[in-house]
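Novice: The structure follows.
The values are calculated or read from the model by the stated rules, or taken from the named source; none is laboratory data. Since the structure is predicted, the reported quantities are computational estimates derived from the model, not experimental observations. Cβ placement follows ideal geometry from the backbone for every residue including glycine, while neighbour counts extend to all protein chains displayed. Accessible surface is based on the protein model in full, side chains and every heavy atom, while ligands, DNA and RNA are left aside. Shrake-Rupley method; radii C 1.70, N 1.55, O 1.52, S 1.80 Å.
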Amino acid sequence: MAQNKKHITPENVTEWLASTGFLFPRNEVELSRFETLFGDTDFGLTGLEIDPAKIIRGGESPKSIQIPESIKPEDLTEYRMVARNGSKLPEHILNKIKNNQNKSKKNGDTESSD
């Protein structure tokens, strides 16, 4: 007869969620399991990825992205913005987007291209 090899039961599901990182570990057993699973993982973080002062100050204003002239519009079909169930954006919406970008260029909100 087959044996039940399930280690996760309704009674210990919270313990396993904490052991696998979906919840915070609450005791030494859960912490030990978590360290066994993820202890040697190097995420490559330096601690400088987030600037708390920038968050407090309100951050930066959004920057527009300049597409090089060497890229043709037909090359961007895979990256086209999806609107109205995948159909193309209407011309009047595209004109509004272009006008907004031109206004931000006049106000000096764009990055300087080197």
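Novice: State in Å² the accessible area per residue of the range 1-61; use a 1.4 Å probe, count heavy atoms of protein chains only, and round to the nearest integer.
Specialist: Value for the range 1-61: 94 Å² per residue.
Novice: Sticking with this one: For the range 8-65, which trypsin sites (Lys or Arg not before Pro) are in a loop by DSSP, counting at most 16 other Cβ atoms within 10 Å?
Specialist: Arg26, Lys63
Novice: Next question, about the same structure. Which residue, Thr46, Gln3, Gly21, has the largest displacement toward the positive end of the dipole of the range 1-52 when charges sit on each Cβ (Lys, Arg +1; Asp, Glu -1)?
Specialist: Gln3
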